[in-house]
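K.L.:
Would you mind keeping the following structure in view while I ask a few things?
The values are calculated or read from the model by the stated rules, or taken from the named source; none is laboratory data. Note that the coordinates shown come from a computational prediction; the quantities given were computed from them, not determined experimentally. Please note: Cβ atoms are built from the backbone with ideal geometry, for glycine as well, and neighbour counts cover all protein chains shown.
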């Protein structure tokens, strides 16, 4: 009930926006080639569902594989950076600088280097989603209260034991924040990678629909990609809720 | 039991504590009092092996005549904050020291569970720190320190965050625990009343740089420590501290 109450204003605003859009198209008679009405988008989705579903599964597969590898890779790198001050000081500025590169613009090069298979798309998803997680994790590690560390060190804990028992649990909130940010990029990055070259996927479907002047189908695919991102975020929220009962307690002593 | 000789702690080139020497005897509770910033907590943190990284220390310490390096397995430390991990239950928090010391997790938690009634926490075995009152949290922190069964205890203002009534109760309670198993205790405090009520000896530190200027024994037995009996000692300590901070 509280959740419905919380989401109610968003639903009202969304309904108002779609109503205005539908009304504008009906009143002005805007051609469907340029601006299809929301009802046309939903209708396109219904008619083309089989085809869209096939491409959606391909996109989802790439996004899940790329995102999972990215999470694992980000975790390993963050741990290495945590234990090596020299590497951290050397690598962090380079990682920050790397974000000035428009990574999605590298998509055509990825296809050139690695072909049309899974690898270039997965690599692009990793490149796009890796950075927010590493930054969140390193910030999380740094947030460990000094008193917690001191308590364990005074007991004779090794650096690894301090990390496992206190640093890692302390970073949990920041880790999930980074995960959510990265998840929102994962589907977008996959679609971009498919744009650059793929046999299947929402990116290639959108490209084909655009070339056929089917704006309604382009928007149908966009709607599906938004739903995929929301589904990914819901899964993350679920994992956070299920695994984190004890970690939601008062952040720090 | 524990001897410290010529301890100097520096913040950069500036000495924070200079040429400090002290000794702790088994079965004694020694209080270290002094004005804020005189280096009391830094001394205790050095002994616990957790001196702030911006500080450097030079000095020599022995435990039972053997040169000691810190952290040391014969020393348990309780910081100013209770430092209970919010994601661990009372038992899990209290068993940390034993587990890190190498005891099997199940055995460590069983040992802690046995002691819960003595610490008044038997109904809070699975409670998280945010479900405990201030006094219970502090008792859980004491349990974590005492269960390690080390011959030396370092307590850094363990009662400072508590209300007056809880503080008085816990002071008596801690003395009972220490009477059950005598250890060498070094306790940092700001509170003259607390120092004279609990300690066998009071070491007075002055600031700029920190050093011990007086070593005052309190021969009156714990049970006979009335306001009248301690009035003279408190008055002396008060004069010393006020002189140093004026």
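K.L.:
What residue, of A:131, A:148, A:175, is away from chain B (no Cβ under 14 Å) and touching a helix residue (DSSP H, G or I) at 6+ places or on another chain (Cβ under 9 Å)?
P.N.:
A:131
Condition check ((1) crowded, with 22+ Cβ neighbours inside 10 Å; (2) within 12 Å of another protein chain (Cβ to nearest Cβ); (3) touching a residue at least 40 places away in the same chain (Cβ under 8 Å)) across all residues:
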residue: A:104; (1), (2), (3): no, no, yes
residue: A:107; (1), (2), (3): yes, no, yes
residue: A:118; (1), (2), (3): no, no, yes
residue: A:159; (1), (2), (3): no, no, yes
residue: A:169; (1), (2), (3): no, yes, yes
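K.L.:
Please give the helices (runs of 4 or more DSSP H) falling wholly within the range A:155-212 in which 2 or more residues are closer than 30 Å to residue B:83 by Cβ.
P.N.:
Per the criteria, A:159-162, A:172-196.
K.L.:
Before we move on, is residue A:184 buried (at least 24 other Cβ atoms within 10 Å of the Cβ), within 16 Å of the chain's Cα centre (by Cα) and modelled with pLDDT under 95?
P.N.:
no
K.L.:
Enumerate the helices (runs of 4 or more DSSP H) found wholly within the range A:1-108, keeping only those where 2 or more residues are in contact with a helix residue (DSSP H, G or I) (Cβ under 8 Å, 6 or more places away or on another chain) and more than 30 Å from residue A:164 (Cβ to Cβ).
P.N.:
Passing ranges, in order: A:2-28, A:38-47, A:49-83.
K.L.:
Considering every residue within the range B:113-128, establish whether at least one is within 7 Å of chain A (Cβ to nearest Cβ) and surrounded by fewer than 23 Cβ atoms within 10 Å (Cβ to Cβ).
P.N.:
Yes, some residue in the range B:113-128 is within 7 Å of chain A (Cβ to nearest Cβ) and surrounded by fewer than 23 Cβ atoms within 10 Å (Cβ to Cβ).
K.L.:
Pick from the range B:129-155 the residues that are part of a loop (DSSP other than H, G, I, E, B) and touching a strand residue (DSSP E or B) at 6+ places or on another chain (Cβ under 7 Å): which of them is surrounded by the most Cβ atoms within 10 Å (Cβ to Cβ)? Don't jump to the end; show me each part of the working.
P.N.:
Step one: filter the range B:129-155 for residues part of a loop (DSSP other than H, G, I, E, B), giving B:132-133, B:147-151.
Restricting the remaining residues to those that are touching a strand residue (DSSP E or B) at 6+ places or on another chain (Cβ under 7 Å) gives B:148, B:150-151.
Details: B:148: 23, B:150: 20, B:151: 18.
Result: B:148.
K.L.:
Just for the range B:36-48: of the residues that are buried (at least 17 other Cβ atoms within 10 Å of the Cβ) and more than 14 Å from the chain's Cα centre (by Cα), which one is farthest from residue B:71 (Cα to Cα)?
P.N.:
B:38
K.L.:
With the condition kept exactly as written, say whether any residue in the range B:124-142 is touching a helix residue (DSSP H, G or I) at 6+ places or on another chain (Cβ under 7 Å) and under 25 Å from residue B:64 (Cα atoms).
P.N.:
yes
K.L.:
So which residues in the range B:77-103 are within 20 Å of the chain's Cα centre (by Cα), within 14 Å of residue B:140 (Cβ to Cβ) and at the interface with chain A (Cβ under 7 Å from one of its Cβ atoms), if there are any at all?
P.N.:
B:79, B:81, B:82, B:83, B:84, B:85, B:96, B:97
K.L.:
May I pose another question? Considering each residue of the range B:156-170, count those that are closer than 26 Å to residue B:70 by Cβ and assigned to a loop (DSSP other than H, G, I, E, B), and give that number. Can you show your working first?
P.N.:
Start the filter on the range B:156-170 by keeping residues that are closer than 26 Å to residue B:70 by Cβ, which leaves B:156-161.
Keeping just the survivors that are assigned to a loop (DSSP other than H, G, I, E, B) gives B:157-161.
Counting residues in the range B:156-170 that are closer than 26 Å to residue B:70 by Cβ and assigned to a loop (DSSP other than H, G, I, E, B) gives 5.
K.L.:
Filter the range B:33-68 for residues that are assigned to a loop (DSSP other than H, G, I, E, B) and within 11 Å of chain A (Cβ to nearest Cβ) and give the result.
P.N.:
So the first thing to find is which residues in the range B:33-68 are assigned to a loop (DSSP other than H, G, I, E, B), and the list is B:34-39, B:49-54, B:64-65, B:68.
Hits for the range B:33-68 are B:49, B:50, B:51, B:52, B:53.
K.L.:
Follow-up. Taking the range A:220-253 as the region of interest, how many residues are surrounded by 12 or more Cβ atoms within 10 Å (Cβ to Cβ), at pLDDT below 90 and more than 14 Å from chain B (Cβ to nearest Cβ)?
P.N.:
Looking only at that region, the number is 0.
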